[in-house]
Amino acid sequence: MTKTEEYPYKYPHNNRTWQILDAAEKGGYAVAAFNCYNTDGILASIRAAETLNAPAIVEIFPWSMHFHGPEFIKFASEALHAAKVPMSLHLDHCTLEADVYKALELPFDSIMVDASSQDPEENVKFVGHIVELAKARGITIEAEMGRIQGGEDGVPVVDMEALYTEPELAADFIARTGVHFLAPSIGNVHGPYPPGGPTKFWQLDRLAKIKSLSPDSVRLVMHGVTPPVDDELVRKTVELGIRKFNLNKSQHDPYIDFLKANLGTMEMIGLQEGSFKAWMGEAERCIKLLGSDGKAL
Ligand SMILES: [Zn+2]
């Protein structure tokens with residue numbers, strides 16, 4: 001199969017997530033996408049990105065749409081759009097159809113539609129339908145192919161083979177759905193890794209093949225970046241075309257560690273400032289590792 005040159009839809013040039021990842025493609029670096037659960041995370045992401053003059057993305061889960069409600073989404077969007085560097089608000093792993101429709105009415109810049117647990121044909125149909133709806137609202141769409149599944153409660157994944165994205169199928173999926181960003185499964189899993197970790201399971205040759213067969217306009221995303229991930233491995237995936245790294249535990253572990261170590265001995269302001277700083281410290285390390293520091297337009 002040859003590379004799909006024809007992209008079915010016009011590029012969404014005015015979309016923030018698109019602009020950020022398009023610049024990353026041109027510049028050969030990746031952008032940190034920080035999963036956030038509260039205002040600390042959102043504000044620490046902004047502070048870290050501004051400190052390093054880096055573009056960055058904040059991701060929240062559908063849980064926040066329900067738990068915090070639409071006002072929180074509006075706050076996040078306004079705060080990110082007011083940052084001194086390019087930043088966007090992304091909805092991560094939207095699995096329920098009703099949540100996708102809800103999200104399309106909120107100020108998200110991009111949405112990850114996760115229908116990867118459905119039958120592959122259903123995944124194509126659903127994602128394609130949402131790409132169409134999102135286009136009218138200026139929102140871009142990320143989808144996942146293959147199943148980036150984690151072992152439950154630390155039980156190693158038994159059948160890794162079944163989870164890998166087939167490069168030819170990925171190219172076909174992109175062409176048929178018009179999706180803007182694709183999260184391939186190259187051995188990356190959510191949650192804890194079986195012994196050997198990412199170094200053993202991430203298949204770089206598979207990533208290279210997926211990149212070479214995908215249209216130039218599509219940006220590749222890495223999920224399942226559960227620490228510890230070897231820095232050199234991260235750099236290699238960036239060299240091979242990963243433009244967005246979803247980061248969650250990386251920055252939350254130091255945040256929570258600080259709270260754990262100081263709860264009961266510190267007042268609220270000290271706890272807030274210290275945990276915020278711990279979060280920012282790791283966020284800044286990740287931004288530098290991905291090569292996006294100093295890359296704000
Ligand atoms: Zn993910």
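The values are calculated or read from the model by the stated rules, or taken from the named source; none is laboratory data. Predicted, not measured: the structure shown is a model, and the values here were computed from it. Every residue, glycine among them, receives a Cβ derived from its backbone with ideal geometry; neighbour counts consider all protein chains shown. Only protein heavy atoms, including side chains, enter the accessible area calculation; ligands, DNA and RNA are left aside. Shrake-Rupley method; radii C 1.70, N 1.55, O 1.52, S 1.80 Å.
For the condition out of contact with any His (no Cβ under 9 Å at 6 or more places or on another chain) and polar (S, T, N, Q), what is the one hit in 185, 275? When all the criteria are applied, what remains is 275. Scanning the stretch 203-228 for residues that are surrounded by fewer than 22 Cβ atoms within 10 Å (Cβ to Cβ) and away from the ligand (no atom under 13 Å from the Cβ) yields a count of 14. Looking across the stretch 190-202 at every residue that is at positive phi and open to solvent by less than 40 Å² (accessible area, probe 1.4 Å), the one that is farthest from the ligand (Cβ to nearest atom) is identified as 197.
Against the numbered list (1) surrounded by 14 or more Cβ atoms within 10 Å (Cβ to Cβ); (2) away from the ligand (no atom under 16 Å from the Cβ); (3) among the hydroxyl-bearing types (Ser, Thr, Tyr); (4) part of a helix (DSSP H, G or I), residue 237 comes up short only at (2). Out of the residues in the stretch 90-107 that are more than 16 Å from the ligand (Cβ to nearest atom) and either under 16 Å from residue 18 (Cα atoms) or part of a loop (DSSP other than H, G, I, E, B) (or both), state the one that is least open to solvent (accessible area, probe 1.4 Å). Looking at the filtered set, the residue picked out is 104. Across the stretch 50-61, a minimum of one residue is classified as within 23 Å of residue 12 (Cα to Cα), in contact (Cβ under 8 Å) with a residue 60 or more places away in the chain, within 16 Å of the ligand (Cβ to nearest atom) and not in a helix (DSSP H, G or I). Residues that are outside any loop (DSSP other than H, G, I, E, B), open to solvent by 20 Å² or more (accessible area, probe 1.4 Å) and among the aliphatic types (A, V, I, L, M): does the stretch 31-48 have at least one? Scanning the stretch 31-48, I find at least one residue that is outside any loop (DSSP other than H, G, I, E, B), open to solvent by 20 Å² or more (accessible area, probe 1.4 Å) and among the aliphatic types (A, V, I, L, M), so the answer is yes. Per the conditions (1) modelled with pLDDT of 95 or more; (2) in contact with a helix residue (DSSP H, G or I) (Cβ under 9 Å, 6 or more places away or on another chain); (3) away from the ligand (no atom under 16 Å from the Cβ), the sole criterion not satisfied by residue 77 is (2). Pick out the one residue from 185, 250 that is touching a strand residue (DSSP E or B) at 6+ places or on another chain (Cβ under 9 Å), within 21 Å of residue 91 (Cβ to Cβ) and part of a loop (DSSP other than H, G, I, E, B). Only one candidate passes the filter, namely 185. Within the stretch 82-133, the residues that satisfy the criterion of being among the small types (Gly, Ala, Ser) and in contact with a strand residue (DSSP E or B) (Cβ under 8 Å, 6 or more places away or on another chain) are 88, 103, 110, 115, 116. In the stretch 62-89, how many are among the small types (Gly, Ala, Ser), outside any helix (DSSP H, G or I) and within 24 Å of residue 292 (Cβ to Cβ)? The number of residues fulfilling the criteria is 3.
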